[in-house]
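Beneath this line is the structure, given in structure tokens, with notes to follow.
Here, each number is a calculation from the coordinates, and none is a lab measurement. Since the structure is predicted, the reported quantities are computational estimates derived from the model, not experimental observations. In this analysis, Cβ positions are derived from the backbone assuming ideal geometry, glycine residues included, and neighbour counts consider all displayed protein chains.
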Amino acid sequence: MVFHFGFRRYRLPLRSPLRTAHGPWAEREGLLVRLVDEAGRSGFGEVAPVPWFGTETLAEAEEACRGLGGKVSAKVLDAVPERFGCVRFALACARVEVERLALKAPSRTQSGDSALGATRSTSSRLPVAALLTAGRAALQELRAKLETGFLAFKWKVGVERAEDELGVLDDLLAALPGYAKLRLDANGAWDRRAAARWLERCAERPVEFVEQPVAPADEDALLGLAQDYPVTLALDESVVRLAEARRWQSQGWPGVFVIKPVLCGPLPEIEAWVRESKADIVLSSAIETAAGRAAILPWAVGSGVTKRALGFGVGEVFAEDKWNGPVLGARADAGWAHGVNLEELWTALS
């Protein structure tokens, strides 16, 4: 099969900068790609790299897309190198949609079937973890999110002084109902000593897991902390691509894998790996637009690759609402993507 191929670049301001251990994040840059077959059937995908996570840069992604030319075969799409995980994700999403349309399958938001081969159901839902603001403002947000039905929360740490954040942690856990869970995400900001201090404070408390406590390069510390403390640990920056996740599995990693599909690669490859390896994963946002989520969320809900709360409760982060898509509440269902007009997003970049 041969496709007409195009891509367009976006640069979108966030409504408010996100505070992380890597610094403030004020805008999102990426690409939308489109594949069109000879019959005029089109599919879209999003390239949303995060270079400080270890993905390709936007310039590299753009050059890879430019190198594909205006017409591309299925064989060429399959040959895109694995290091271009963000490009591969986008191309696979677009191709799956075109092939689904060619088979005259029902819409992904209206059917129990999918071109990815997994059983879907619009009645299926998964909980969503709400992202809390770094610092003491998280307390007020926690109370508001509880009232709207959220049961899982993610809090960015390693942003302010440890003494201040540990005090907020105690207050958050005191305010957390017994049926709710808190995730901590350090983005690799701690050294081993600081991580040990936090894990001691988290032991025997309702902390679902602590995400990326130390930098990806400090693999001995990650493995040691996982063995020395009863708190579940999760890898994030350490497993940007599936090859890295497989390597950590071979080393006996006992914890969770946080997989950001928009960075990792094609959804069918993620699904095949989870089914084969029985990996314990959390699917998480990389602050992609509604274009990326329109592929991820129906697949996440219907595929059964995880039972953990989805890490997509980042709120309406983009200043322009059309890039956020429909409001995502405490539960995600396969019908969410029905409210995303991919043609409109594509046209907005012309």
Worksheet item: List the GluC sites (Glu not before Pro) in segment 24-89 that DSSP assigns to loop (not H, G, I, E or B) and whose Cβ has at most 15 other Cβ atoms within 10 Å. Which are they?
Response: GLU38, GLU82
Worksheet item: Given labels modelled 7 Å from the Cα in the Cβ direction, how far is it in nm from ASP171 to ALA137?
Response: 1.4
Fill in: Listed values (1) 19.8, 62; (2) 25.1, 82; (3) 20.5, 70, entry calculated as Rg and Dmax of the Cα atoms in Å
(1)
Worksheet, complete the sentence: Listed by chain and number, the lysines with an alpha carbon less than 30 angstrom from that of LYS104, same-chain partners under 8 positions apart left out, are LYS71, LYS75, LYS260, LYS322
Practice prompt. Determine the distance separating the Cα centre of segment 284-317 from the Cα centre of segment 222-244; give it in Å without decimals.
Written response: 21
Worksheet item: Nearest 20 debye, what's the magnitude of the dipole of segment 218-350 about its Cα centre given +1 on Lys and Arg Cβ and -1 on Asp and Glu Cβ?
Response: 420
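Do you know the relative contact order of segment 220-350, to the nearest whole percent, from alpha carbon pairs under 8 angstrom that are 6+ apart? Could the numbers behind the result be given before it?
On the way: 153 pairs, mean separation 24.9, N = 131.
Relative contact order here is 19 percent.
Given contacts defined as C-alpha pairs under 8 Å and at least six residues apart, what's the relative contact order of segment 2-102, whole-number percent?
Numbers: 176 pairs, mean separation 32.0, N = 101.
Averaging sequence separation for qualifying contacts and normalising by length gives 32 percent for segment 2-102.
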Response to the item:
Put in order of increasing Cβ neighbours within 10 Å, starting from the fewest, VAL262, VAL340 give VAL340, VAL262
Item to complete: Grab the Cα-Cα distance for MET1 and TRP25, subtract it from 0.36 nm times how many residues apart they are, and report the gain in nm with one decimal.
Response: 4.7 nm
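In deg cm²/dmol, rounded to 500, what helix-only [θ] at 222 nm does the chain give when every DSSP H run of at least 4 residues adds -39500 (n - 2.57) and the total is split over its residues?
Working: 12 runs with 125 residues, N = 350.
Value at 222 nm, helices only, nearest 500: -10500 deg cm²/dmol.
List the chymotrypsin sites (Phe, Trp or Tyr not before Pro) within segment 136-203 that fall in a DSSP loop (any state other than H, G, I, E or B) and whose Cβ has at most 11 other Cβ atoms within 10 Å. Could you put the intermediate results ahead of the total?
Numbers: sites: PHE150, PHE153, TRP155, TYR179, TRP190, TRP198; in loops: PHE150, TYR179.
Hits after loop and neighbour filter: TYR179.
Quick one: longest stretch of the chain between exposed loop trypsin sites (Lys or Arg not before Pro), exposed meaning at most 12 other C-beta atoms within 10 Å and loop per DSSP?
Details: sites that count: LYS104, ARG161, LYS278, LYS307.
The segment 162-277 is the longest one with no such site.
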Response to the item:
SER277 neighbourhood, Cβ < 14 Å, K/R = +1, D/E = -1, net charge -1
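Among TRP52, TRP299, TRP273, which comes first, then next, by fewest other beta-carbon atoms within 10 Å?
The most exposed by this proxy come first: TRP52, TRP273, TRP299.
Tell me, SER250, SER238 in order of fewest to most beta-carbon neighbours within 10 Å?
On the way: SER250 8, SER238 23.
In order of increasing Cβ crowding within 10 Å: SER250, SER238.
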